[in-house]
Structures are given as C-alpha cells and as structure tokens.
There are 2 protein chains.
Amino acid sequence: MGKKLGKQTIMLDHPAKIIGNFSIVGEKEGQGNFASYFDMILKDDKYGQKTYEKAEKKMMLEAIKGCLHKAHLTTSQVELYLAGDLLNQIISASFSARELDCSYLGIYGACSTMSEILGIGALLMDTGAYDHILCATGSHFTTAERQYRYPLELGNQRPPTSQWTITGAGASMLSKEGNAPKITHVTFGKVMDYNIKDVNNMGAAMAPAAMDTLITLFQDTHTQPKDYDLIVTGDLGKLGSEILMDLMENKGYTLGKNYADCGQMMYTNNQKTYQGGSGAGCSAVVFNSYLVDKLKKKEYKKIIFAATGALLSTTSSQQGESIPGICHAIIVEGA
Amino acid sequence: MGKKLGKQTIMLDHPAKIIGNFSIVGEKEGQGNFASYFDMILKDDKYGQKTYEKAEKKMMLEAIKGCLHKAHLTTSQVELYLAGDLLNQIISASFSARELDCSYLGIYGACSTMSEILGIGALLMDTGAYDHILCATGSHFTTAERQYRYPLELGNQRPPTSQWTITGAGASMLSKEGNAPKITHVTFGKVMDYNIKDVNNMGAAMAPAAMDTLITLFQDTHTQPKDYDLIVTGDLGKLGSEILMDLMENKGYTLGKNYADCGQMMYTNNQKTYQGGSGAGCSAVVFNSYLVDKLKKKEYKKIIFAATGALLSTTSSQQGESIPGICHAIIVEGA
C-alpha cells in the first residue's frame, strides 16, 4: 500500500523497477549532446512513411519493440500500455496501442507525459495487480509545428524565445520484480497559470508549475535539493530553466550544479534551436537513455525527474486564454 | 492490494465508494428521456459565455462544484482530479483543473473517458494513498461538431448513421470510506479496429471494442450477462447496440433485456438525433444521474458500466486510417 506524504507525494510500498528502456530520435537530435546515448538515430525524419504523423507512430512502435527486447519480454507479457503524445486525440499513442494485445490507457499531459505515465504506472503497480506495465511517448518536430504553429512550407521566422520540438520517442518497461533503477516516490502536480500568453515562450509558462511541484516534493518528503544527485526538468529550455532557478531562489530553494533541464541539454549551440528542445519526446528520450544509464551505473544514486507540460491548445490561445502549466515529478533511485 | 483476474480484470481489495455525483446538460438533453434525473438543465447552451468552448469548461466546473456539494466535501479535501474531454489537448479538463488546488491527471479516452477515469481512480484509491479522488468529463454539441465535422453555420445534412454529441458534463467523487455505490472490478479495454472508416458511423467502429471488453470481463470474473441487473454501454447508439448484440450472440453471449446503451436512451424519437447521443458527456451524465440513483435505491444491485470511445482524429481519417475503438468497463454494486 502506498503512503501519502504531505500534500501531494505518494511513497510507494513496492517501488516499480524500470527493467527496460529504449530511445529513438531524428537526425537533428542524433547530432546533439546525447547522440552517443540514444539506441537508434533516424537518417530520414519521415522514416519511410507517407506522412510525418505516420512516422511519429512508427517511432513509438519502434521504441516499444526495442524496450520489450531490452527487458527480455514478449508482447504477451505486457498487461497494460500507458501512452500519450502531443497530437490531437493522441493518435500516435492510440494507433500504436492498436498493434499491442493488452489493456491501454490514453493519457494527456503534453510535454509532461513521460513522468505522468511513469507515475501512474508506478502507482498502478503498487496495487499489486500488475507485473509489467509499458509506458511510451514521443513527439515529432514537423507534426507539432504544423498542428500548433505553422506549416514548415510557410518558412516562418522563429522568435528567440522559441524551442525546438524534438523528433523522438522513448519507452520504459515497469516491472514488479527485477534489479533495476526504481521509482520510489510520485508527486503529481497541480495546474499553475501565471498568465503567460506568449505561445512562443513555453518555458516561462511552465516554470511556475515546475517550481510548485518541486517545492511540494521537497516539503512532502522533508528533503532539500542537495539530497539528490540530479534534479532534472523536462523541457523548460534555457530561459525557462533560468526563470525556474529565480523562482525557486525567491522561495528559499537554491538549485545548483545538480539541476539540469532535458530541453536545455538536448542540442549543441551550433544547432541554432534558440532555447533548446521541447516536446513530449524530449524528456522521454533523455530519461530512457542518458538518465537511466547513469542510474544503472550508479553514477546517480537518486534523482528527481520532473517533466513539464504546457496545457494549451490553438483554440484556447485564439480565444485569449493564458497557458496553464503542469509538472509531474518522480524520484528514481539507482539499482 | 488489488488482484488480477484472468487477462485484464482487476478485483479491488478496497472498493472505491462513489459518495457524490452531479450531472449538468444542455437544453436538448433536458427534453430527453432522462430529464427528471439530471441535476441541472441549461436554458442556453452558450451558458452566458463568449464561446462554446468556454461554456463546455464552465459546465465541467459546475459539475465539480455540484459534486463537491453533494459529497459534503470542500475543495481542499480533494487530493486528485482526473479528467478528460473531446477537445484538442483536452482543454476543458485542464482549464477546469486550473480552478482546483490539487494534483491533476489529464486522461484521454474519447467517449470512454468516464469509465476510464473511474477505473483509474478506483485503482489509485486501492493503493491506500488517497481518501478522495474527483473524476469529471463532458462534451458539447457545438464544440465537437466544429472540431470533428463542420461548423454548424454550414448547415450540413447529417447522415442516418450519425449520432448527436450531447451537451453535458458529469462528475463523480470517489472515496475510501462511505456508504455508497462502489466500484468492485475494473476491466481496461484493448484497442480494437475492424477497419471501419466511416466517421459518421461511430457505433460500428466502437462495437467490436465493447464486445471484446465485455467478453473479457465475463471470462475473467467467471460471470454471465444474466448475473448483472444492467449492462450499459456508453454511446454505441441504436445501430451500434444492435451490432454489439449480434457480435456477442455470435460468440455465445446473449445480451437481453438487461442490456442498454446510454446514447440510445438519451433522446426521444421526436428529437430526430438518428442513432442517439454520443460524446464523452453522454455516458457521464447518465452514469452520474440515472444509474447511480438506481444503485443508491438498490433497484440495481450490480451493473457493468462500459463506456466506449472512438480514438480517431480528423488528421488520422484524412490520412486514410480506419477508426480504432476502445471500451473500459467497471462493475458497480449498489450501496
């Protein structure tokens, strides 16, 4: 039985073990800072498909397949598939579920999806009812641009506060048993809205949610930032990360050298992505490559993985609404 | 600790009690068959808002408020809010969460959302970590028409296989303690696709998923249709319900007089909705009015609530994809 600590944190009685991971990315991401950690790098972002949406789905399926292989499991051993993505009606998630033969739960957390599904999966596993739960998410630069912003053919200039939606998908296999990095605590975030309306400044919209979730986690668990080898947010980007550090400092929490952001780290400066990477795939591919790798090697003993999401739609922005943000955090310990 | 029965069904160790419910509907639904059961009927589907999307969000908030009131709880006693809806990026759910002060999980199950969130909520409660979990969903005829089909101003003719997305929202409060109808079993469905491509025939697309989930539930629990006072699907409509009964009959399961469909029952014949109601709000308002009412009065001792969803998007259909369906089922027993 899980135990509630403080306001929003659940301490798991039986931590969920992450026994398999897979990351697949596009060409640009394969030239970035994590290149050597990814399992698979595409040479063609269309992945041999007729449309970019179909390519996005195929990446999710490849991530699932690779994850099953690395976890030494067959499809029939998976009991539940948790997935979500950025596309309208999360079609990459639902259409990838069509290829599996197990229960499926569609989840929507925008770019916070990876930590949302890992958190839900870890809690569902704590009921004792499941042995293996598969979690996957992804995003694609081209599908996101044309859905949220403009078709690429228009050749729009990108403002300096913008981020680059990464092309990639990541999958994790949660298991009741096994010697692997484990999820020990889950803090599901609240929706925070500081009245940011600039859809080209997502980092600013999400930073308050990251602050709220991280401070809640520290208070609920009676810990401090220094108690973790790494505190990593999802895709605040360079500007958003700085805003988060400022907001935290104002509340008496200093995020030091053990703080990082997946989006900020994704690309090299020469890749001209302005504030860095974003998208549901951003934190998913970093978690399922670099982060789990370091946890397995015990270079990290305990980390906070806090993916962040902006819960807007084009309709909500057109109707003058500000951008609500959310951040779900999990504590993961090395094997 | 929950126990897995067979392939996909979880038997809860501590059934979640449904201690509060609220249903709010539009004018047309308020003239339908369930009129006397709904808590609130709007006189104006725009609900005093500038846009129909804002009206949809306001209905969700009203349902939450009413549900809290009927459960005798204050906002601060809610620990987790589970919600989803049909709009792109589930903005009704996320923007309603902004008004609450608790953890929020966005869920996407299209029209299966009500049973998906009740199922997730019941399982999360079974971890022992939560006392109160709020679940809500809804839909709006006008927002759905213009997002999925055509703007109403176009005056398109509706084909005879079409259904009418209901305007309404429903909310349920799950509680660890209390004397109230309780969720005892959860069967999360698999994605089923029988290659239906007609977006005006959702009942046909979803019926195979309903069949698969119901038969799995019967097999997992070693029960038969006759063991339940009611087996109710979400929004298959008239044609979809007939298809389901045929499919089930072919597999040796007869759905008799104890089978019904929320969409089929929603409107009177004079309301000219062709196959009946649909939308995430459809099963949500019937569950949170008529069904819970009958369970409270012990007119029903045990029912299966199996909401159904079509997991398409306009993009997937435009790209030639067929329509994947899903059905999540819960067993609810009277107080």
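Name the trypsin sites (Lys or Arg not before Pro) in segment A:235-280 that are in a loop by DSSP and that have at most 13 other C-beta atoms within 10 Å, would you?
In loop regions of segment A:235-280 (DSSP not H, G, I, E or B), the sparsely surrounded trypsin sites (Lys or Arg not before Pro) are A:LYS251, A:LYS257, A:LYS272.
Evaluate peptide B:184-191: per residue, the Cβ atoms of other protein chains within 10 Å of its Cβ; return the mean as an integer.
Per residue, the average neighbour count from other chains is 5.
Using alpha-carbon positions, what is the distance between the centroids of segment A:192-213 and segment B:118-136, in Å?
28
Cross-link list A:LYS17/A:LYS298; B:LYS70/B:LYS294; A:LYS17/B:LYS7; A:LYS17/A:LYS294: which exceed 19 angstrom alpha carbon to alpha carbon?
Going by Cα-Cα distance, A:LYS17/B:LYS7 fall outside the 19 Å limit.
By average Cβ neighbour count within 10 Å, what is the ranking of B:222-228, A:264-270 from highest down?
Per-residue mean Cβ counts within 10 Å order the peptides as A:264-270, B:222-228.
List, shortest first and in nm to one decimal, how far the label point of A:LYS46 (7 Å from Cα along Cα→Cβ) is from its counterparts in the other copies.
4.5
Among DSSP beta bridges whose residues both lie in the protein assembly as shown, state the antiparallel percentage, nearest 5.
Here the antiparallel bridges make up roughly 65 percent for the protein assembly as shown.
If you stretched the chain out fully between B:ARG149 and B:THR223, how much longer would it get, using 0.36 nm times the residue separation minus the C-alpha to C-alpha distance? Display every interim value, and only then the final one.
Values: separation 74, 0.36 × 74 = 26.64 nm, distance 4.01 nm.
Extending this stretch completely gives an extra 22.6 nm.
Springs between alpha-carbon pairs under 10 angstrom, Gaussian network model over chain A: which of A:SER36, A:SER172, A:SER241 fluctuates most?
Of A:SER36, A:SER172, A:SER241, the Gaussian network model singles out A:SER36 as fluctuating most.
With both bridge residues required to lie in segment A:214-335, what share of the DSSP beta bridges run antiparallel, to the nearest 5%?
The answer is about 55 percent antiparallel.
Explain nothing, just compute: Karplus ³J(HN,Hα) = 6.51 cos²θ - 1.76 cosθ + 1.60, θ = phi - 60°, for every residue of segment B:90-97 in order, whole Hz, x for Gly and Pro.
Result, ordered by residue: 5, 5, 5, 5, 5, 6, 6, 5 Hz.
Magnitude of the Cβ-charge dipole of the protein assembly as shown, K/R +1 and D/E -1, about the Cα centre, nearest 20 debye? Display every interim value, and only then the final one.
Details: 64 positive and 68 negative charges, 57 e Å.
Dipole size: approximately 280 debye.
What does the charge count near B:PHE38 come to, summing +1 for each Lys or Arg and -1 for each Asp or Glu among other residues with Cβ under 11 Å from its Cβ?
Charge balance near B:PHE38 sits at -3.
In whole Hz and in residue order, list the ³J(HN,Hα) couplings for segment A:304-321 that follow from phi through the Karplus curve 6.51 cos²θ - 1.76 cosθ + 1.60, θ = phi - 60°; x for Gly and Pro.
Karplus-based 3J(HN,Hα) across segment A:304-321 equals 10, 10, 10, 6, 10, x, 10, 9, 8, 9, 4, 5, 4, 5, 5, 8, x, 6 Hz.
Calculate the dipole size of chain B relative to its Cα centre from +1 charges on Lys and Arg beta carbons and -1 charges on Asp and Glu beta carbons; express the result in debye to the nearest 20. Please report the intermediate quantities before stating the final value.
On the way: 32 positive and 34 negative charges, 74 e Å.
In total the dipole reaches around 360 debye.
Using a Cα-Cα cut-off of under 22 Å, which lysines could be cross-linked to A:LYS43, ignoring same-chain neighbours fewer than 8 residues away?
Candidates past the 8-residue exclusion: A:LYS28, A:LYS54, A:LYS57, A:LYS58, A:LYS65, A:LYS272.
Please report how far the C-alpha centroid of segment A:142-172 lies from that of segment B:1-16, rounded to the nearest whole angstrom.
42
Once you average over the residues of B:118-127, how many Cβ atoms of partner chains fall within 10 Å of each Cβ? Let's see the in-between values first.
Working: counts 0, 2, 6, 0, 1, 7, 8, 1, 8, 15.
Whole-number average of other-chain Cβ neighbours for B:118-127 is 5.
How shielded is B:107-115 by partner chains, expressed as the average number of their Cβ atoms within 10 Å of its Cβ atoms? Don't jump to the answer; show the numbers that get you there.
Numbers: counts 8, 12, 7, 4, 0, 1, 1, 0, 0.
Per residue, the average neighbour count from other chains is 4.
Which one of B:GLY240, B:GLY170, B:GLY178 has the biggest mean-square fluctuation once chain B is modelled by GNM with Cα springs under 10 Å?
B:GLY178
Could you compute the net charge surrounding B:GLY203? Neighbours are other residues with a C-beta less than 13 Å from the C-beta of B:GLY203; K and R count +1, D and E count -1.
-4
Do any trypsin sites (Lys or Arg not before Pro) in segment A:28-61 lie in a DSSP loop with no more than 10 other beta carbon atoms within 10 Å, and if so, which?
In loop regions of segment A:28-61 (DSSP not H, G, I, E or B), the sparsely surrounded trypsin sites (Lys or Arg not before Pro) are A:LYS43, A:LYS50.
For segment A:51-106 and segment A:260-279, what is the separation of their Cα centres, given in Å?
When both Cα centres are located, 26 Å separates them.
Which residue fluctuates the most in chain B, going by a Gaussian network model with Cα springs under 10 Å, if the choices are B:GLY121, B:GLY189, B:GLY155?
Evaluated over chain B, the most mobile residue of the options is B:GLY155.
One decimal, nm, shortest first: give the distances between the label point of B:GLN77 and those of the same position in the other copies, each label point 7 Å from Cα along Cα→Cβ.
Label-point separations across copies, in nm and ascending: 4.5.
Just order B:85-95, A:275-285 by mean Cβ neighbour count inside 10 Å, highest at the front, would you?
The packing order, highest mean first, is A:275-285, B:85-95.
Tell me the distances, shortest first, between B:ALA335 and the same position across the other copies, using label points 7 Å along Cα→Cβ, in nm to one decimal.
5.0
Could you tell me which residue out of B:PHE218, B:THR165, B:GLY106 lies farthest along the dipole of segment B:90-235 toward its positive end? Charges go on the beta carbon: Lys and Arg +1, Asp and Glu -1, centred on the Cα centre.
Result: B:THR165, furthest along the dipole toward the positive end.
Would you please give the FRET efficiency between B:LYS43 and A:ASN250, computed as 1/(1 + (r/R0)^6) with r the Cβ-Cβ distance and R0 = 35 Å, to the nearest 0.05? Walk me through the numbers before you get to the answer.
On the way: r = 47 Å, r/R0 = 1.35.
It comes out at approximately 0.15.
Specify the longest stretch of chain B that does not include any exposed loop site, a site being one of the GluC sites (Glu not before Pro) with a non-H, G, I, E, B DSSP assignment and at most 15 other Cβ atoms within 10 Å.
The segment B:178-298 is the longest one with no such site.
For segment A:109-257, please report how many Lys pairs fall under 18 Å Cα to Cα, leaving out neighbours fewer than 8 apart on the same chain. Walk me through the numbers on the way to the answer.
Working: A:LYS190/A:LYS251; A:LYS226/A:LYS251; A:LYS226/A:LYS257; A:LYS238/A:LYS257.
For segment A:109-257, qualifying lysine pairs total 4.
Amide H neighbours of A:TYR267 under 5 Å, counting only residues 5+ apart in sequence or on other chains, H built in-plane at 1.01 Å?
Placed amide hydrogens put A:ASN33, A:GLY277 under 5 Å from A:TYR267.
Hydropathy first: keep DSSP H helices in chain B averaging at least -1.0 on Kyte-Doolittle, then drop any whose Cα extent along the axis falls short of 15 Å, and list what survives.
Correct list, ordered by number: B:52-70, B:113-126, B:202-221, B:237-250.
Values in this text are rule-based calculations from the coordinates and carry no lab data. Quick caveat: nothing in here was measured; it's all calculated off a predicted structure. When we count neighbours, we look across all protein chains shown, and the Cβ atoms used for this are built from the backbone with ideal geometry, even at glycine.
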